[in-house]
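Heads up: the structure comes next, in structure tokens.
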């Protein structure tokens with residue numbers, strides 16, 4: 001029962017729609033109807049500016065970290081269970097009940113989970129993201145590259161099979177949530193950072 005409550009609580013924590021609330025408060029519009037329509041930090045940056053986007057990114061990151069940390073003092077959770085709470089928060093972010101299960105892509109929340117549970121793996125993923133972004137200037141491509149790097153980094157750093165299994169789900173979720181970006185990348189229509197918006 002306690003584990004089920006931990007997972008449910010982590011989902012609800014992750015489901016707080018930071019991007020939606022921020023844009024509604026700052027611009028009085030629904031973030032799902034502007035820019036790319038995504039409920040995430042990148043779209044907030046397009047719509048409301050860098051400061052708002054950075055704030056949303058950090059809050060979404062914190063949701064993932066808190067999902068891993070918040071119950072640790074009270075419940076004897078295994079490393080895999082802590083990651084599962086992180087996964088529940090990511091699912092909450094991606095599929096929030098408050099927005100009809102239409103949420104973001106989970107990149108910031110995933111980074112928060114990794115920073116709290118596997119900081120070395122998080123460092124590798126962030127480094128891969130930064131290198132790919134600096135070379136190609138595609139946020140989506142950088143996020144996809146970091147997702148691919150995640151299970152590789154877990155294997156290199158000696159994570160257990162259960163942890164690697166949950167990590168593979170993290171990576172798969174990011175890739176699946178970027179399906180439209182992948183199509184645009186292949187078609188050559190994905191906007192680079194600072195370029196034209198694509199719906």
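Computed from the coordinates by the stated procedures, all read-outs in this text should not be read as laboratory data. Since the model is a prediction, treat every value here as computed from it, not as a measurement. In this analysis, Cβ positions are derived from the backbone assuming ideal geometry, glycine residues included, and neighbour counts consider all displayed protein chains.
Over the range 80-170, consider all pairs of different Cα atoms and compute the Kirkwood hydrodynamic radius from their mean reciprocal separation; express it in Å, one decimal.
About 13.4 Å for the range 80-170.
Round to the nearest 10 and give me the degree value, 0 to 90, for the angle of helix 18-27's Cα axis relative to the longest principal axis of the chain.
30
For the range 9-54, report the % of Cα-Cα distances exceeding 17 Å.
Beyond 17 Å sits 25 percent of the P(r) for the range 9-54.
Rounded to two decimals, what is Rg over Rh for the range 2-187 when you use alpha-carbon atoms and the Kirkwood radius? The partial results should precede the final answer.
Details: Rg = 15.8 Å, Rh = 16.4 Å.
Ratio of gyration radius to Kirkwood radius: 0.96.
Enter the Cα centre distance for the pair the range 148-186 and the range 14-54, rounded to the nearest angstrom.
The range 148-186 and the range 14-54 have Cα centres separated by 25 Å.
Provide 193, 84 in ascending order of the number of other Cβ atoms located within 10 Å of each residue's Cβ, fewest first.
Lowest to highest Cβ neighbour count: 193, 84.
Any chance you could run the full-extension gain for residue 193 through residue 136? It's 0.36 nm times the residue separation minus the Cα-Cα distance, nm to one decimal.
On the way: separation 57, 0.36 × 57 = 20.52 nm, distance 0.92 nm.
Gain in length upon complete extension: 19.6 nm.
Give the calculated FRET efficiency between residue 183 and residue 2 to the nearest 0.05, with a Förster radius of 35 Å applied to their Cβ-Cβ distance. Each step should come with its number before you reach the end.
Working: r = 42 Å, r/R0 = 1.21.
After rounding to 0.05, the efficiency reads 0.25.
So what is the diffusion coefficient of the range 1-84 in µm² per second by Stokes-Einstein at 20 °C and 1.002 mPa s, using a Kirkwood Rh over Cα pairs?
154
Quickly rank 10-21, 101-112 as a protection proxy: mean count of other C-beta atoms within 10 Å, highest first.
Descending packing order for the listed peptides: 101-112, 10-21.
Could you give the nm distance between label points at residue 50 and residue 12, where each point is 7 Å from its Cα heading toward the beta carbon?
It is 3.8 nm.
Put a dot 7 Å past each Cα toward the Cβ at residue 29 and residue 175; how far apart are the dots in nm?
Modelled inter-label distance: 3.4 nm.
Return one number: the angle in degrees, 0 to 90 and rounded to the nearest 10, between the long axis of the Cα atoms of helix 139-156 and the longest principal axis of the Cα atoms of the chain.
On a 0 to 90 degree scale, this one is about 20.
When the helix-only estimate is applied to the chain (DSSP H runs of n ≥ 4, each -39,500 (n - 2.57), divided by the residue count), what is the mean residue ellipticity at 222 nm, nearest 500 deg cm²/dmol?
Numbers: 10 runs with 140 residues, N = 199.
Calculated from helices alone, the mean residue ellipticity at 222 nm is -22500 deg cm²/dmol.
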